[in-house]
Structure formats: structure tokens, C-alpha cells
Amino acid sequence: MDALIFPLSTLAIIVCLGALLHLQFGQAGIVNFGVVGFSGLGMYLTAILVIEAEQPFGLALVIATVVTGLVAAALGWLILDLDNEAVLVATLAFATIVWHLSTTEDQLTGGVVGLGTVPLPFDLGDYRATTLAYLGVLVAIAAALVLYARQVSRVPYGRLIRSIQDNEPLARSLGKPTFRHKVVFFAVTCALMGTIGGLDAAVQQFLVPRLLLADTTFVVWIALILGGRTRVLGAFFGALLTVGLFDIVVEQYVEVPREYSLLLPDLQLMAFGMVLMLVILFRPAGLLGDGRKRRAPGAAKGASA
Amino acid sequence: MSAAPTRTDSTPPAALPARTGEPVLTLTDVTKRYGGRTVVDVPRLELGRHGIEGLIGPNGAGKTTLMKLVTQAVAPTTGTVVHHAADGGERRLSGMSADAVARMGVVKSNQVIQDFDSLTIRESMLLALAASRRERFFSLFGERAFRRESEATIDTYLERFGFADPDGHAGSAGEKKLLDIVRCLLLRPSFLLLDEPTAGLPQAETDKVMELVRERTAAGEMSVLIIEHDLDLIWDTCAHVHFMAEGQVVLQGTPAEVRADATLAEKYLGTSHV
Ligand SMILES: Nc1ncnc2c1ncn2[C@@H]1O[C@H](COP(=O)(O)OP(=O)(O)OP(=O)(O)O)[C@@H](O)[C@H]1O
Ligand SMILES: [Mg+2]
């Protein structure tokens, strides 16, 4: 059981980031390919404030969130009226810059040597109880994000961001300030990615630049696309089937011969890539499908008539 | 092309009927160039003086582009568009964002079908009705109250127009076109630009749309500019008609005057209607 706390915490982090990516990409249509840039910025800022500046964890987390949000607002203001390809490349480039800074700014980040140790923000006396409680906090936050995504999709703001994804010029012609909405929504959701990264710092405890590589972004994207990008629970199911299956079931319970265990991460990424291709080919709306379209019987028939 | 004899109308001929009101929009030296080609060139044009006005002209004359220059969906190459509000205030639309123009009450329907694929007909109407104070990322509640408030308004449209299933997606091209116009009407514009509202609509729906437009205009709630190739509708509905050819407004006047003018016969009816 103890051995499961760390992978389950990682899984909860992926679900949180996936719910935020669902909001950005699934609801508003913003192609953020720099997820790890924002979570990584939050992660390192939190750790630096806690370790180097000796600030309490809560304050560090708030500052990291706000700074990540401001950086995202500035980036969003620059790129969000460009087309999807440009947004994809720019966010990917942003994440690469954050990774690069984590290696070069080594007085602050420890560079490739690493930065540690980030303590858990509370201590229940018993290490096992503390990590378990922290896992509980992460699960609660994941649930809150999923509930937010579900609720927002049912109110005027949700219709607004979906209308921006569907047809931005049309939304603008109805008087909706679409650019401002996109920048604000992007900044807020990226700020929360920063929060999640900050919380992840206490899970990882020892930070190395490798954590900021694009792997995290890919894993979150694959989970979301696999589950269904327009579905609130899409990232949750996708994460269970990818990270859950590999990092928990295979790594914990399947006997892998020693000589193959080093290959496992590569095999995992290859398998993810394969699954992603199959989903895009055969079930482009993801395993959960596109709930909205199904609610309108005859819509597909009517459109082709 | 420029050798063709045209009667440019920087000042309308004296034979016009008594002016019924102040203009809502004034365009001055408005041009639009794509590459080296000038597709709109309007030294001066006043719109909204006559309740319902028509904008006619052959394909490619620049009618749609002219409307988009007004709503700032397309940025003018040169020139200014000024909006005269009912309270006497003046605002320059040129340089504003398209959404700010719509919020000023200047709204355009689309010639080419436009829709929100993930919104049902009712959701689309709710989107048009939602005030900006409801559209904030932290406004998570109040949907039920909002639906209750909007119900009466939405129902009047649903009763009036023929939508197969308001809680489904707009299916046919006709439904999408109708929904596009209804969204515009829900915004309660003070100046409505209709770009070929009848194209793709069944006759019965066209009649209902035009009836509602006439009612609202007669009540003084809005002025309207209509682009139409169905000239009978133009002659019947409009108090004033602007005729465009090759990017320029070459003729304006009452339907009777425009109909009788040789320029129209030569440049439009002569080519496509006889
Ligand atoms: N985005 C664009 N880029 C280049 N040329 C354009 C663009 N939009 C319009 N044009 C050109 O401008 C001219 C005017 O087009 P516009 O759509 O305004 O005509 P229209 O009078 O509305 O015609 P129709 O009656 O066919 O709708 C056309 O020759 C068209 O090809
Ligand atoms: Mg046109």
C-alpha cells in the first residue's frame, strides 16, 4: 500500500492538469502544448521560495500561482489571437524556455544537480499518514477541478467559451469580447497549472530539470485525447488507462525481468503513441465520445440533408 | 472598368423624398483594397435615415464587404465610419473592435451560413441574450434564474419561427440561416444589417422575418439595411435603395427612382435578370 501513495499522487496531479487542459482545449479550444511550462514554473517557484527564501509553503504556493498567471496573461496577450498552429508552437517554446532556465539558472534551481528537499506542507507526525493525507488533498483538488469544469459547461460562461472555440468571429459579431475572454481564461487556468505544479513539488520533493521535459505535457495530452477532450471526465479516464495502467499496475504488480525494466519508460511512451494514433483514427472524440453531439438525434442526418 | 459611365452620389439628387430622419451611420472616404484591387470605394454614404434601406448590385459589387467595413469585421484600408447614437452622441466605429461595434447596437447577419456547432438552438439564443456580467469564469450559478428570465423572449421567437427541435442543433441550412438572423434580433440592435436574409430560407420563414423587421422598424426600435437579390422584396420593403457596382455606390433614391434609372438596367438587370 505504501508503495502506491507516490504513483497515486502522481496520477492525481495528471488528472488535475488534464482537467485544466480540458477547460483550455476541450472547452475554449486553446491549444496549450506547454502544460509543463506552467506547472513547472509553479513547481520551481514554490520550491525556490520554500527552500531558498524560507517562506511558508502556503505563501510560496500563492506567489507561484500569481506569478504563473501573470506570465500566462502576458504570453496569452501576445499569442491568443494567432491561429492554432502558432499557439501550439508558442506554448511549446515557452515550456522549453522554462526547462532551459531550470538548467541555466543554477544558483536558484540547483541546475542539473537538483533542488531539494521540498517538505510536505503539513506534518501529522507519522510520515505515512502525512503522505496519505496529502494524497487526499490532491484527490479533493482534482475532484474540485472536475466539478468546476462540469458546472461551467452549464452556465453562460461555458457557452461563451465554447462559442469562441466553435466560431470566434461569429461570437465577436454578437458583441462578445472574445480576445479578452481568452486571455483571462488562459491566465487563470495556467495559474492553476502553476498551483498544481507547486503541489507536485512536495510530491516529488527533489526537483531536477528532467521533470520539466515535454513528457508531462504529452502524458496529459494523451490522457485527455484518449478519454475525450470535450468530456469533463475525459482526462480522468484517460489518465487511469495510461498512467494508471503503466505506472501503477505494470510497475507494481507485473514481474518484469531486470534487463527489460530499463526499457519500460520507452516502451510506455511508444505504447501511448500507438494508442493515441488508434484513438485519432478510430474514435477521434475519445473513448467517452462527444456527449454533446449525441444529445441531438438527427443532427448529423439533418446536416447532410 | 472605370471607363463605364457612373453617377457617383457624394450628394444625393434633389429629387429625393423628404428626409425622414438623421442618419445612423456616416461613411467618409471609406475604401477597401485586397492586394492591388479596390473592392470598395465610397467617398460619402449616409445610412439609416429611412427606416428600411436596400443595398443592391451585381455579384462581386462589394455589398457584403461594405457591410463588413461598417461592423469592423473587415478593417477599412482608409476612411472613417461614424455612428450617431439616438442621444446625439457620436462614436467612430473605424478602429473599434468588431465586438465593441456590436455592443454599440450595430449588428450584421451573415450571407454565408455561420453557426456554433456545439450549441443547440436554444443555447445559441441564450448566448446572444447573456449579459457580460454573467459571463465571468467565476459566475457558476444563476443559470436557472437566467433561463427563467429569458424564457418568455425565447419562446416568442420559437413560436414565431419554425425550428424543428429547439433543444437540438440547427439541422438544415435554412434553420442555421434563420438562427443567425434570430441571434441578431435578440441583441436588440439599433442598426441591423441583413446580408441576403432570404437566400436559403423557405418563403414562409422569409415572410415572417420581414414582418418582424418591419414591425420593429415601424416602432422606431431600429433602422435596417438589407442586401437582396430578390428585387421584388427590395421594391416592396425599402424606403430607400443604394445601388452598388464595382465597389462604388453609383445610384441611390426611392425604389421607384432606382428602378427607373438606366444605370440599373445596364449594370444589373441587363446582365443577370433578363
Ligand atoms: N477576403 C478577400 N480577399 C480578396 N478579395 C475579396 C475578399 N473578400 C471579398 N473579395 C472580393 O471583393 C469583391 C466584392 O466581394 P463582396 O463579397 O463584397 O461582393 P458582394 O457584392 O457581396 O457579392 P454577392 O452578391 O455575390 O454576395 C469580390 O470581387 C470578391 O472577390
Ligand atoms: Mg455578398
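The values are calculated or read from the model by the stated rules, or taken from the named source; none is laboratory data. None of the values given here were measured: they were computed from a predicted structure. Cβ: placed from backbone, ideal geometry, glycine included. Neighbour counts: every protein chain shown. Heads up: the accessible areas ignore ligands, DNA and RNA and are worked out on the full protein's heavy atoms, side chains in. Shrake-Rupley method; radii C 1.70, N 1.55, O 1.52, S 1.80 Å.
Rg to Rh ratio, chain B, alpha-carbon atoms and Kirkwood radius? The partial results should precede the final answer.
On the way: Rg = 19.2 Å, Rh = 19.7 Å.
Value, to two decimals: 0.98.
In the elastic network of chain A, a GNM with C-alpha springs shorter than 10 Å, the most mobile of A:Val137, A:Val279, A:Val249 is A:Val249.
The order of A:Tyr253, B:Tyr157 by accessible area, most exposed first and with a 1.4 Å probe, is A:Tyr253, B:Tyr157. Each of the peptides B:71-83, A:98-110 was scored by the mean count of other Cβ atoms within 10 Å over its residues; in descending order, highest first, they stand as B:71-83, A:98-110. When all protein chains stay in place and ligands, DNA and RNA are ignored, the 1.4 Å accessible-area order of B:Met222, A:Met277, largest first, is A:Met277, B:Met222.
Shown here are the Rg and Dmax of the Cα trace of segment B:120-203, at 13.7, 44 Å.
Evaluating 6.51 cos²θ - 1.76 cosθ + 1.60 at θ = phi - 60° for every residue in segment B:33-39, the Karplus couplings come out as 10, 10, x, x, 9, 8, 9 Hz, glycine and proline recorded as x.
Put a dot 7 Å past the Cα of B:Glu159, heading toward its Cβ, do the same for A:Glu54, and the two dots end up 7.4 nm apart. FRET efficiency for the pair B:Asp87 and A:Val139, taken as 1/(1 + (r/R0)^6) with r the Cβ-Cβ distance and R0 = 56 Å, rounds to 0.50.
After finding the eigenvalues of the alpha carbon gyration tensor for chain A, what semi-axes result from the square roots of 5 times each, listed largest first in whole Å? Kindly include the intermediate steps, with their values, before the conclusion.
Working: eigenvalues 206, 119, 65 Å².
Result for chain A: semi-axes of 32, 24, 18 Å.
Relative contact order of chain B, taken over Cα pairs closer than 8 Å and 6 or more residues apart, is 27 percent. Once backbone amide H atoms are built at 1.01 Å from N, B:Arg44 has B:Asp29 as its partners under 5 Å, excluding neighbours fewer than 5 places away on the same chain. Largest accessible area first, the listed residues A:Tyr157, A:Tyr148 line up as A:Tyr148, A:Tyr157 when surface is computed with a 1.4 Å probe on the assembled protein chains.
Only Lys, Arg, Asp and Glu carry charge here, each on its Cβ (+1 for the first two, -1 for the last two); on that basis the protein assembly as shown has a dipole of about 680 debye about its Cα centre.
Between the Cα long axis of helix A:35-51 and the first principal axis of chain A there is an angle of about 30°, rounded to the nearest 10. The mean sequence distance of close C-alpha pairs (under 8 Å, at least 6 residues apart), as a share of the length of segment A:2-304, puts its relative contact order at 32 percent.
Against the longest alpha carbon principal axis of chain B, how many degrees, from 0 to 90 and to the nearest 10, is the axis of helix B:173-186 turned? Tilt relative to chain B: about 90 degrees. Take every pair of alpha-carbon atoms less than 8 Å apart whose residues are at least six positions apart; their mean separation over the length of segment B:173-227 yields a relative contact order of 46 percent. Derived scalar couplings between HN and Hα for segment A:61-75 equal 5, 5, 4, 4, 4, 5, 5, 4, x, 5, 4, 5, 4, 5, 4 Hz in order, rounded to whole Hz, by the Karplus curve 6.51 cos²θ - 1.76 cosθ + 1.60 (θ = phi - 60°), x for Gly and Pro. In this structure B:Phe138 has an accessible area near 120 Å², from a 1.4 Å probe over the protein heavy atoms. Sequence-ordered 3J(HN,Hα) estimates for segment B:45-53 from the Karplus curve with 6.51, -1.76 and 1.60 and θ = phi - 60° stand at 8, 10, 10, x, 6, 10, x, 9, 10 Hz, glycine and proline given as x. Remark on B:Ser223: its backbone amide H falls under 5 Å from those of B:Phe191, B:Leu192, a criterion applied only to residues 5 or more positions apart or on other chains, H modelled at 1.01 Å from N.
When chain B is treated as a GNM with alpha-carbon contacts under 10 Å, the residue of B:Leu119, B:Leu187, B:Leu178 showing the greatest mean-square fluctuation is B:Leu119.
Comparing A:Ala187, A:Ala28, A:Ala74 in a Gaussian network model of chain A where C-alpha atoms under 10 Å apart are linked, the largest mean-square fluctuation is found at A:Ala74. Rg and Dmax, both from the Cα atoms of the protein assembly as shown and both in Å, are 29.2, 97.
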